[in-house]
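Okay, so here's the structure we're looking at.
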Amino acid sequence: MAERIYIFDTTLRDGEQSPGCSMTVPEKLKMAAKLVDLGVDILEAGFPIASDGDFEAVGAVAREFPWVNVAALARSNKMDVERAAQSLKNAKRPRIHTFIATSDIHLKHKLKKSRQQVLDEAVAAVTLARSYVDDVEFSAEDATRTDWDYLEEVSKAVVAAGARTVNLPDTVGFSVPDEYGAMIGRMVKALGNTAIVSVHCHDDLGLAVANSLAAVQNGARQIECTINGIGERAGNAALEEIVMAFNTRRDRLPYETKIVTEHLFPASQLLTSIITFGPQPNKAIVGENAFAHEAGIHQDGFLKERTTYEIIDPHSVGVPESKLILGKHSGRHALTKRCEDLGFLLNREQLDIVYQRFTTMADRKKGMRNDEISALAREVLEDSKAARAS
Ligand code: KIV
Ligand code: ZN
(Lines give C-alpha, C1' and ligand atoms only; values in the text may rest on other atoms or scores of the structure.)
(Ligands and ions follow the chains in the order given, each with its own letter.)
Protein backbone atom coordinates (compact mmCIF):
# COMPACT_ATOMS: atom_id res chain seq x y z
CA MET A 1 0.00 0.00 0.00
CA ALA A 2 1.36 3.39 -0.99
CA GLU A 3 1.62 5.87 1.88
CA ARG A 4 -0.38 9.07 1.54
CA ILE A 5 1.64 12.29 1.30
CA TYR A 6 -0.04 15.65 1.88
CA ILE A 7 0.78 18.39 -0.57
CA PHE A 8 0.93 21.83 1.05
CA ASP A 9 1.07 24.37 -1.74
CA THR A 10 2.80 27.66 -0.96
CA THR A 11 2.81 29.20 -4.45
CA LEU A 12 0.58 32.01 -3.16
CA ARG A 13 2.78 32.70 -0.11
CA ASP A 14 6.48 31.71 -0.35
CA GLY A 15 6.22 31.81 -4.16
CA GLU A 16 4.41 35.10 -4.23
CA GLN A 17 6.88 36.81 -1.91
CA SER A 18 9.80 36.34 -4.33
CA PRO A 19 10.95 38.91 -6.93
CA GLY A 20 8.66 39.32 -9.94
CA CYS A 21 5.94 37.12 -8.44
CA SER A 22 3.65 39.41 -6.49
CA MET A 23 -0.06 38.86 -7.17
CA THR A 24 -3.19 40.91 -6.68
CA VAL A 25 -6.17 39.44 -4.84
CA PRO A 26 -8.03 38.58 -8.12
CA GLU A 27 -4.85 36.95 -9.46
CA LYS A 28 -4.47 34.89 -6.28
CA LEU A 29 -8.09 33.80 -6.61
CA LYS A 30 -7.57 32.75 -10.22
CA MET A 31 -4.46 30.77 -9.30
CA ALA A 32 -6.16 29.30 -6.24
CA ALA A 33 -8.96 27.94 -8.46
CA LYS A 34 -6.35 26.06 -10.50
CA LEU A 35 -4.61 24.75 -7.37
CA VAL A 36 -7.97 23.47 -6.16
CA ASP A 37 -8.54 21.66 -9.50
CA LEU A 38 -5.04 20.27 -9.13
CA GLY A 39 -6.05 18.76 -5.79
CA VAL A 40 -3.58 20.28 -3.33
CA ASP A 41 -4.35 19.31 0.26
CA ILE A 42 -3.49 22.61 1.94
CA LEU A 43 -3.36 25.94 0.21
CA GLU A 44 -1.24 28.62 1.90
CA ALA A 45 -2.85 31.82 0.65
CA GLY A 46 -0.71 34.51 2.26
CA PHE A 47 1.00 36.19 5.19
CA PRO A 48 -1.80 38.41 6.54
CA ILE A 49 0.37 40.70 8.69
CA ALA A 50 2.54 41.52 5.65
CA SER A 51 -0.07 43.57 3.76
CA ASP A 52 -3.77 44.33 3.51
CA GLY A 53 -3.74 42.54 0.15
CA ASP A 54 -2.44 39.35 1.75
CA PHE A 55 -4.98 39.65 4.55
CA GLU A 56 -7.78 40.05 2.01
CA ALA A 57 -6.47 37.25 -0.20
CA VAL A 58 -6.53 34.70 2.63
CA GLY A 59 -10.15 35.59 3.46
CA ALA A 60 -11.17 35.58 -0.21
CA VAL A 61 -9.59 32.19 -0.96
CA ALA A 62 -11.20 30.67 2.16
CA ARG A 63 -14.59 32.15 1.19
CA GLU A 64 -14.40 31.02 -2.44
CA PHE A 65 -13.21 27.46 -1.69
CA PRO A 66 -14.74 26.58 1.69
CA TRP A 67 -14.01 22.86 1.34
CA VAL A 68 -10.24 23.46 1.04
CA ASN A 69 -7.76 23.68 3.95
CA VAL A 70 -6.53 27.27 3.78
CA ALA A 71 -3.40 28.30 5.69
CA ALA A 72 -2.26 31.75 6.79
CA LEU A 73 1.31 32.43 7.89
CA ALA A 74 2.21 34.24 11.13
CA ARG A 75 5.45 34.85 12.97
CA SER A 76 5.37 33.53 16.52
CA ASN A 77 4.02 36.68 18.14
CA LYS A 78 0.60 37.85 19.31
CA MET A 79 0.00 40.46 16.61
CA ASP A 80 0.79 38.12 13.71
CA VAL A 81 -1.20 35.20 15.09
CA GLU A 82 -4.24 37.40 15.78
CA ARG A 83 -4.07 38.90 12.29
CA ALA A 84 -3.87 35.42 10.76
CA ALA A 85 -6.81 34.28 12.90
CA GLN A 86 -8.83 37.31 11.80
CA SER A 87 -8.11 36.67 8.11
CA LEU A 88 -9.38 33.11 8.57
CA LYS A 89 -12.39 33.98 10.72
CA ASN A 90 -14.95 32.81 8.13
CA ALA A 91 -12.90 29.88 6.87
CA LYS A 92 -14.44 26.43 7.15
CA ARG A 93 -11.06 24.67 7.27
CA PRO A 94 -8.57 27.17 8.67
CA ARG A 95 -4.93 26.48 9.49
CA ILE A 96 -2.65 28.93 11.30
CA HIS A 97 0.96 28.38 10.34
CA THR A 98 3.25 30.02 12.85
CA PHE A 99 7.04 30.10 12.68
CA ILE A 100 10.17 31.25 14.46
CA ALA A 101 13.83 30.64 13.67
CA THR A 102 15.62 28.08 15.84
CA SER A 103 19.21 28.07 14.55
CA ASP A 104 21.90 29.74 16.65
CA ILE A 105 22.93 31.90 13.72
CA HIS A 106 19.39 33.36 13.49
CA LEU A 107 19.04 33.60 17.27
CA LYS A 108 22.31 35.51 17.62
CA HIS A 109 22.18 37.87 14.63
CA LYS A 110 18.52 38.24 13.71
CA LEU A 111 16.38 37.64 16.78
CA LYS A 112 18.95 38.44 19.49
CA LYS A 113 17.17 35.95 21.75
CA SER A 114 18.19 32.96 23.81
CA ARG A 115 17.12 29.41 23.01
CA GLN A 116 14.79 29.47 26.03
CA GLN A 117 13.13 32.70 24.86
CA VAL A 118 12.53 31.27 21.38
CA LEU A 119 11.12 28.07 22.82
CA ASP A 120 8.77 30.04 25.08
CA GLU A 121 7.61 32.25 22.20
CA ALA A 122 7.00 29.24 19.96
CA VAL A 123 4.88 27.58 22.65
CA ALA A 124 2.97 30.80 23.37
CA ALA A 125 2.21 31.36 19.68
CA VAL A 126 0.98 27.81 19.20
CA THR A 127 -1.15 28.05 22.35
CA LEU A 128 -2.67 31.33 21.14
CA ALA A 129 -3.26 29.95 17.63
CA ARG A 130 -5.00 26.91 19.15
CA SER A 131 -7.39 29.24 20.97
CA TYR A 132 -8.65 30.26 17.48
CA VAL A 133 -8.36 27.11 15.35
CA ASP A 134 -7.81 23.38 15.80
CA ASP A 135 -5.38 23.04 12.93
CA VAL A 136 -2.06 24.65 13.86
CA GLU A 137 1.26 24.14 12.12
CA PHE A 138 4.57 25.20 13.61
CA SER A 139 7.71 25.80 11.53
CA ALA A 140 11.21 25.89 13.00
CA GLU A 141 12.77 28.30 10.52
CA ASP A 142 16.33 27.34 9.50
CA ALA A 143 15.80 23.90 11.05
CA THR A 144 18.65 22.41 9.05
CA ARG A 145 21.19 24.67 10.76
CA THR A 146 19.69 24.10 14.20
CA ASP A 147 21.21 21.93 16.91
CA TRP A 148 19.27 18.64 16.69
CA ASP A 149 18.76 18.23 20.46
CA TYR A 150 17.29 21.74 20.67
CA LEU A 151 15.17 21.13 17.55
CA GLU A 152 13.75 18.01 19.15
CA GLU A 153 13.01 19.91 22.36
CA VAL A 154 11.18 22.69 20.47
CA SER A 155 9.28 20.18 18.31
CA LYS A 156 8.04 18.25 21.35
CA ALA A 157 7.10 21.45 23.18
CA VAL A 158 5.00 22.86 20.32
CA VAL A 159 3.23 19.54 19.88
CA ALA A 160 2.44 19.50 23.61
CA ALA A 161 1.05 23.04 23.13
CA GLY A 162 -1.28 21.79 20.38
CA ALA A 163 0.55 21.90 17.03
CA ARG A 164 -0.63 19.10 14.75
CA THR A 165 2.04 19.59 12.12
CA VAL A 166 5.71 20.32 12.72
CA ASN A 167 7.51 21.69 9.68
CA LEU A 168 11.31 21.51 9.59
CA PRO A 169 12.42 23.73 6.73
CA ASP A 170 15.70 23.84 4.90
CA THR A 171 15.20 27.59 4.77
CA VAL A 172 18.50 28.42 3.07
CA GLY A 173 18.77 25.31 0.88
CA PHE A 174 21.91 24.19 2.71
CA SER A 175 21.19 20.55 3.43
CA VAL A 176 21.96 17.45 1.37
CA PRO A 177 19.65 14.44 1.04
CA ASP A 178 21.27 11.95 3.44
CA GLU A 179 21.73 14.59 6.13
CA TYR A 180 18.20 15.98 5.76
CA GLY A 181 16.77 12.45 5.71
CA ALA A 182 18.62 11.63 8.94
CA MET A 183 17.40 14.80 10.66
CA ILE A 184 13.80 14.16 9.62
CA GLY A 185 14.08 10.49 10.63
CA ARG A 186 15.19 11.50 14.11
CA MET A 187 12.33 14.02 14.56
CA VAL A 188 9.73 11.57 13.19
CA LYS A 189 10.93 9.02 15.74
CA ALA A 190 10.86 11.59 18.54
CA LEU A 191 7.32 12.76 17.74
CA GLY A 192 5.86 9.33 16.97
CA ASN A 193 2.22 9.69 16.00
CA THR A 194 1.67 12.92 17.95
CA ALA A 195 2.15 15.13 14.85
CA ILE A 196 2.73 15.08 11.13
CA VAL A 197 6.29 15.99 10.21
CA SER A 198 6.43 18.35 7.25
CA VAL A 199 9.26 19.50 5.00
CA HIS A 200 9.88 22.74 3.17
CA CYS A 201 13.03 22.91 1.07
CA HIS A 202 14.66 25.77 -0.78
CA ASP A 203 16.70 25.19 -3.90
CA ASP A 204 19.91 27.14 -3.33
CA LEU A 205 22.02 24.06 -4.17
CA GLY A 206 19.47 22.64 -6.61
CA LEU A 207 18.56 19.95 -4.04
CA ALA A 208 15.09 21.00 -2.90
CA VAL A 209 13.25 18.12 -4.58
CA ALA A 210 15.93 15.52 -3.71
CA ASN A 211 15.87 16.67 -0.07
CA SER A 212 12.06 16.53 0.04
CA LEU A 213 12.10 12.97 -1.32
CA ALA A 214 14.76 11.90 1.19
CA ALA A 215 12.60 13.38 3.96
CA VAL A 216 9.57 11.39 2.84
CA GLN A 217 11.65 8.22 2.78
CA ASN A 218 12.43 8.97 6.42
CA GLY A 219 8.87 9.50 7.56
CA ALA A 220 7.82 13.05 6.61
CA ARG A 221 4.20 13.06 5.44
CA GLN A 222 3.65 16.64 4.31
CA ILE A 223 5.64 18.40 1.61
CA GLU A 224 5.55 22.16 1.11
CA CYS A 225 6.18 23.12 -2.48
CA THR A 226 5.24 25.49 -5.31
CA ILE A 227 4.27 25.41 -8.96
CA ASN A 228 7.31 25.91 -11.23
CA GLY A 229 9.41 25.87 -8.03
CA ILE A 230 8.97 29.62 -7.49
CA GLY A 231 9.93 31.00 -4.09
CA GLU A 232 12.55 32.94 -2.18
CA ARG A 233 15.95 33.21 -3.96
CA ALA A 234 16.47 29.98 -5.98
CA GLY A 235 12.90 28.93 -5.16
CA ASN A 236 11.11 26.12 -3.34
CA ALA A 237 10.81 22.45 -4.24
CA ALA A 238 8.77 22.16 -7.45
CA LEU A 239 5.40 20.51 -6.84
CA GLU A 240 5.24 19.00 -10.34
CA GLU A 241 8.65 17.32 -9.95
CA ILE A 242 7.83 15.78 -6.58
CA VAL A 243 4.47 14.43 -7.70
CA MET A 244 5.81 13.02 -10.95
CA ALA A 245 8.77 11.41 -9.16
CA PHE A 246 6.23 9.51 -7.01
CA ASN A 247 4.07 8.62 -10.00
CA THR A 248 6.93 7.56 -12.25
CA ARG A 249 9.05 5.67 -9.70
CA ARG A 250 6.45 3.86 -7.59
CA ASP A 251 8.92 0.96 -7.37
CA ARG A 252 11.32 3.12 -5.31
CA LEU A 253 8.92 5.76 -4.02
CA PRO A 254 5.71 4.04 -2.90
CA TYR A 255 3.86 7.23 -2.00
CA GLU A 256 0.67 8.74 -3.29
CA THR A 257 -0.85 12.20 -3.43
CA LYS A 258 -4.27 13.47 -4.48
CA ILE A 259 -2.80 15.58 -7.29
CA VAL A 260 -4.65 15.36 -10.61
CA THR A 261 -1.54 15.36 -12.75
CA GLU A 262 -3.32 16.43 -15.97
CA HIS A 263 -3.59 19.89 -14.40
CA LEU A 264 0.17 20.28 -13.84
CA PHE A 265 1.07 21.90 -17.15
CA PRO A 266 -2.05 24.12 -17.25
CA ALA A 267 -1.25 25.26 -13.69
CA SER A 268 2.31 26.10 -14.73
CA GLN A 269 1.05 28.02 -17.76
CA LEU A 270 -1.49 29.95 -15.72
CA LEU A 271 1.15 30.93 -13.17
CA THR A 272 3.46 32.08 -15.98
CA SER A 273 0.68 34.28 -17.35
CA ILE A 274 0.20 35.90 -13.93
CA ILE A 275 3.80 36.49 -12.79
CA THR A 276 6.68 38.01 -14.76
CA PHE A 277 8.57 34.88 -15.81
CA GLY A 278 8.04 31.26 -16.79
CA PRO A 279 10.08 28.12 -16.12
CA GLN A 280 13.35 27.75 -18.00
CA PRO A 281 12.91 25.79 -21.28
CA ASN A 282 14.68 22.71 -19.93
CA LYS A 283 12.69 22.67 -16.65
CA ALA A 284 11.48 19.15 -15.80
CA ILE A 285 7.80 18.36 -16.49
CA VAL A 286 6.61 21.86 -17.46
CA GLY A 287 9.48 23.46 -19.45
CA GLU A 288 9.04 24.09 -23.16
CA ASN A 289 11.64 21.41 -24.00
CA ALA A 290 10.58 18.83 -21.40
CA PHE A 291 8.98 16.73 -24.15
CA ALA A 292 10.97 17.98 -27.15
CA HIS A 293 13.45 15.87 -29.10
CA GLU A 294 16.01 17.25 -31.53
CA ALA A 295 18.82 14.69 -31.91
CA GLY A 296 18.32 12.38 -34.89
CA ILE A 297 19.00 9.21 -32.88
CA HIS A 298 16.46 10.25 -30.26
CA GLN A 299 13.85 11.22 -32.84
CA ASP A 300 14.30 7.91 -34.63
CA GLY A 301 13.89 5.96 -31.37
CA PHE A 302 10.95 8.10 -30.27
CA LEU A 303 9.14 7.60 -33.58
CA LYS A 304 9.61 3.83 -33.32
CA GLU A 305 8.50 3.68 -29.67
CA ARG A 306 7.84 6.75 -27.52
CA THR A 307 9.16 5.18 -24.31
CA THR A 308 12.67 4.81 -25.73
CA TYR A 309 13.23 8.46 -24.88
CA GLU A 310 10.25 9.54 -22.74
CA ILE A 311 9.68 8.34 -19.19
CA ILE A 312 6.45 10.31 -18.79
CA ASP A 313 3.49 10.45 -21.16
CA PRO A 314 3.07 14.19 -21.85
CA HIS A 315 -0.74 13.84 -21.81
CA SER A 316 -0.54 12.62 -18.20
CA VAL A 317 0.73 16.06 -17.13
CA GLY A 318 -1.50 18.04 -19.46
CA VAL A 319 1.12 18.74 -22.16
CA PRO A 320 -0.76 18.46 -25.49
CA GLU A 321 1.98 16.54 -27.35
CA SER A 322 5.67 15.77 -27.60
CA LYS A 323 7.60 17.94 -30.04
CA LEU A 324 10.13 16.88 -32.61
CA ILE A 325 12.37 19.89 -33.08
CA LEU A 326 13.96 19.97 -36.46
CA GLY A 327 17.46 21.30 -36.25
CA LYS A 328 20.93 20.39 -37.39
CA HIS A 329 20.90 17.28 -35.19
CA SER A 330 17.70 15.89 -36.67
CA GLY A 331 17.57 12.93 -38.99
CA ARG A 332 15.84 12.11 -42.25
CA HIS A 333 13.19 10.07 -40.46
CA ALA A 334 11.89 13.03 -38.45
CA LEU A 335 12.02 15.32 -41.47
CA THR A 336 9.97 12.85 -43.51
CA LYS A 337 7.40 12.64 -40.72
CA ARG A 338 7.24 16.42 -40.42
CA CYS A 339 6.75 16.84 -44.19
CA GLU A 340 3.90 14.31 -44.03
CA ASP A 341 2.35 16.10 -41.04
CA LEU A 342 2.54 19.33 -43.01
CA GLY A 343 0.70 17.67 -45.92
CA PHE A 344 3.59 17.05 -48.34
CA LEU A 345 3.86 13.61 -49.92
CA LEU A 346 7.33 13.42 -51.37
CA ASN A 347 9.04 10.57 -53.16
CA ARG A 348 12.48 9.36 -52.13
CA GLU A 349 14.34 11.54 -54.60
CA GLN A 350 12.42 14.66 -53.57
CA LEU A 351 13.01 13.86 -49.91
CA ASP A 352 16.74 13.57 -50.55
CA ILE A 353 16.80 17.09 -51.99
CA VAL A 354 14.65 18.51 -49.17
CA TYR A 355 16.92 16.83 -46.64
CA GLN A 356 20.06 18.19 -48.31
CA ARG A 357 18.73 21.78 -48.37
CA PHE A 358 17.35 21.37 -44.86
CA THR A 359 20.72 20.32 -43.38
CA THR A 360 22.48 23.25 -45.08
CA MET A 361 19.96 25.70 -43.65
CA ALA A 362 19.70 24.04 -40.24
CA ASP A 363 23.47 24.21 -39.87
CA ARG A 364 23.22 27.99 -39.85
CA LYS A 365 20.14 28.28 -37.66
CA LYS A 366 19.01 27.29 -34.17
CA GLY A 367 16.03 25.30 -35.49
CA MET A 368 13.66 25.19 -38.43
CA ARG A 369 10.09 26.43 -38.22
CA ASN A 370 7.21 24.60 -39.88
CA ASP A 371 6.70 27.40 -42.41
CA GLU A 372 10.37 27.17 -43.44
CA ILE A 373 10.09 23.39 -43.89
CA SER A 374 6.87 23.83 -45.89
CA ALA A 375 8.61 26.38 -48.12
CA LEU A 376 11.45 23.91 -48.78
CA ALA A 377 9.09 21.05 -49.61
CA ARG A 378 6.98 23.27 -51.86
CA GLU A 379 10.09 24.48 -53.70
CA VAL A 380 11.27 20.91 -54.34
CA LEU A 381 7.80 19.79 -55.53
CA GLU A 382 7.62 22.76 -57.91
CA ASP A 383 11.13 22.04 -59.24
CA SER A 384 10.18 18.42 -59.98
CA LYS A 385 6.95 19.54 -61.67
CA ALA A 386 8.89 21.98 -63.84
CA ALA A 387 11.47 19.29 -64.70
CA ARG A 388 8.68 16.88 -65.74
CA ALA A 389 7.01 19.53 -67.89
CA SER A 390 10.20 20.45 -69.76
O1 KIV B 1 11.71 28.89 4.28
C2 KIV B 1 11.13 28.94 5.37
O3 KIV B 1 11.67 28.62 6.44
C4 KIV B 1 9.75 29.43 5.37
C5 KIV B 1 9.00 29.30 6.65
C6 KIV B 1 8.19 30.51 6.94
C7 KIV B 1 8.14 28.07 6.59
O8 KIV B 1 9.24 29.85 4.35
ZN1 ZN C 1 10.40 29.16 2.57
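The values are calculated or read from the model by the stated rules, or taken from the named source; none is laboratory data. Just so it is clear, the model here is predicted, and its values are computed rather than measured. Counting neighbours? That spans all protein chains shown, and the Cβs are built from the backbone with ideal geometry, glycine included.
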Residue 194 in contact (Cβ under 8 Å) with a residue 24 or more places away in the chain and within 14 Å of ligand 1 (Cβ to nearest atom): no
Helices (runs of 4 or more DSSP H) wholly in segment 325-390 with at least 3 residues that are touching a residue at least 24 places away in the same chain (Cβ under 8 Å) and within 37 Å of the chain's Cα centre (by Cα) - which ones? 332-341
Among 50, 45, 84, the single one that is within 16 Å of ligand 2 (Cβ to nearest atom), over 25 Å from residue 262 (Cβ atoms) and at pLDDT 95 or above is 50
Flag if residue 100 is in contact (Cβ under 8 Å) with a residue 24 or more places away in the chain, β-branched (Val, Ile, Thr) and assigned to a loop (DSSP other than H, G, I, E, B): no
Going through 389, 362 one at a time, which residue ends up being small (Gly, Ala, Ser) and surrounded by 14 or more Cβ atoms within 10 Å (Cβ to Cβ)? 362
Tell me which helices (runs of 4 or more DSSP H) are completely within segment 196-277 and hold 1 or more residues being of a type in the set (Asp, Glu) and buried (at least 24 other Cβ atoms within 10 Å of the Cβ), or say none if there are none. 239-248
Single match in 238, 234, 215 (criterion: within 16 Å of ligand 2 (Cβ to nearest atom), modelled with pLDDT of 95 or more and under 22 Å from residue 163 (Cβ atoms)): 215
Give the residue, chosen from 122, 84, 129, that is part of a helix (DSSP H, G or I), farther than 30 Å from residue 38 by Cα and within 16 Å of ligand 1 (Cβ to nearest atom). 122
Condition first: more than 26 Å from the chain's Cα centre (by Cα) and part of a loop (DSSP other than H, G, I, E, B). Now tell me which residues in segment 295-324 satisfy that. 295, 305
